[in-house]
Amino acid sequence: MPYTLLQIVNKCLRRLSIVQGDAGELAALSSSQFQTDIDVLVQAINETIDDLYGARGRPQAVGAATIALAEGVREYALAADCERIIGRPPMLIEETSGRVVTEYPGGYEQMVADQPIPATHTGRPAYFAIEPVMGQLRLDRAPTASEAGEVYRYRYFKALSLAEAAATMPFSDRVADNLLPAFCEKYKIARKAPEASPALYAAAMTAAARLLGKVAPATRYGTARGR
């Protein structure tokens, strides 16, 4: 099992000489004595992982959720950790009948422009769009009593941010070990800028990128290069 966030934080704290040996290890991501260091390290770890994967984005987990149509309701909250609905095109599926609701051509703004009198658009939905402010899913039609209760499932990519002590690294322990100097240098940039070494950070990132294996390299830190 990959290292947990807590394990990486402890390794970094030892490397930075903030705690001494195994006896000084933290049992949680909370400490009255080291809280600022912990918080900065967690942020530094997440920023370093984002640097490693670059524009490609870090590996994502997949989730699934449903919405149940309600009479007269056009907007529905998505799962709290939903980053992007999956599909080509993105879609919702009513898995009993096989009906699908796909993304509206042109998106939310086009839907609003095409429907100057929204109340006249009722019935079984065929399209959805994502409302850009609150992030809710808006249907092209308000369901009537006939459609109320239909359940549509969607699959989505989750936004992964390491925040919980038990959260695991999105790569092997060998990659994580090579990244330890980078995590610490990123921490120093925030807390001890004069001690930070950009060269050490770059060397650690390059070494880790070579070991990713399952990710196609595309920048100097591991993301695809154009040829």
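Among the residues making up region 83-111, none is open to solvent by 60 Å² or more (accessible area, probe 1.4 Å), within 17 Å of F157 (Cα to Cα) and either hydroxyl-bearing (S, T, Y) or touching a His at 6+ places or on another chain (Cβ under 9 Å) (or both). Just one residue in the set Y221, Y152, Y156 is modelled with pLDDT of 95 or more, hydroxyl-bearing (S, T, Y) and surrounded by 19 or more Cβ atoms within 10 Å (Cβ to Cβ); that residue is Y152.
Of all residues in region 111-122, those satisfying the criterion of being touching a residue at least 12 places away in the same chain (Cβ under 8 Å) and either of a type outside the set (A, V, I, L, M) or part of a loop (DSSP other than H, G, I, E, B) (or both) are Q115, P118, H121, T122. Residues in region 135-170 that are over 29 Å from the mean Cα position of the chain (by Cα) and at positive phi: G149 only. Taken together, the residues in region 159-175 that are part of a helix (DSSP H, G or I) and crowded, with 17+ Cβ neighbours inside 10 Å amount to 1.
Every test in (1) small (G, A, S); (2) open to solvent by less than 70 Å² (accessible area, probe 1.4 Å); (3) modelled with pLDDT under 95 is passed by A80 save one, and that test is (2).
Does L137 qualify as being over 30 Å from Q7 (Cβ atoms) and not small (G, A, S)? When the stated conditions are applied, L137 passes them. Scanning region 123-144 for residues that are more than 19 Å from I93 (Cα to Cα) and either open to solvent by less than 80 Å² (accessible area, probe 1.4 Å) or in a strand (DSSP E or B) (or both) yields E131, G135.
Hey, can you tell me all the residues within region 189-205 that are open to solvent by less than 40 Å² (accessible area, probe 1.4 Å), over 20 Å from S161 (Cβ atoms) and either within 25 Å of the chain's Cα centre (by Cα) or among the acidic types (D, E) (or both)? Answer for region 189-205, where residues must be open to solvent by less than 40 Å² (accessible area, probe 1.4 Å), over 20 Å from S161 (Cβ atoms) and either within 25 Å of the chain's Cα centre (by Cα) or among the acidic types (D, E) (or both): Y201, A202, A204.
Considering the conditions (1) in contact (Cβ under 8 Å) with a residue 40 or more places away in the chain; (2) under 30 Å from Q7 (Cα atoms), R174 is excluded by exactly one of them, (1).
For every residue, the table says whether it meets (1) touching a residue at least 12 places away in the same chain (Cβ under 8 Å); (2) in contact with a strand residue (DSSP E or B) (Cβ under 6 Å, 6 or more places away or on another chain); (3) closer than 19 Å to L69 by Cβ.
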position: G107; (1), (2), (3): yes, yes, no
position: P125; (1), (2), (3): yes, yes, yes
position: L139; (1), (2), (3): yes, yes, yes
position: A142; (1), (2), (3): yes, yes, yes
position: E147; (1), (2), (3): yes, no, yes
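The set of residues in region 1-14 that are at pLDDT below 95 and open to solvent by 80 Å² or more (accessible area, probe 1.4 Å) contains only M1.
For region 64-82, taking the residues that are in a strand (DSSP E or B) and touching a Lys or Arg at 6+ places or on another chain (Cβ under 6 Å), the one that is nearest to R99 (Cα to Cα) is identified as T66. The residue that is farthest from P181 (Cα to Cα), among those in region 1-12 that are out of contact with any Leu (no Cβ under 7 Å at 6 or more places or on another chain) and of a type outside the set (F, W, Y), is M1.
For region 23-49, the tally of residues that are without any contact (Cβ under 8 Å) to a residue 40 or more places away in the chain, open to solvent by 10 Å² or more (accessible area, probe 1.4 Å) and closer than 24 Å to F171 by Cβ stands at 3.
The values are calculated or read from the model by the stated rules, or taken from the named source; none is laboratory data. Note that this is a predicted model, so its numbers are computed, not measured. Note: ideal-geometry Cβ built from the backbone for every residue, glycine included; neighbour counts use all protein chains shown. Just the protein is used for accessible areas: all its heavy atoms, side chains included, with ligands, DNA and RNA removed. Shrake-Rupley method; radii C 1.70, N 1.55, O 1.52, S 1.80 Å.
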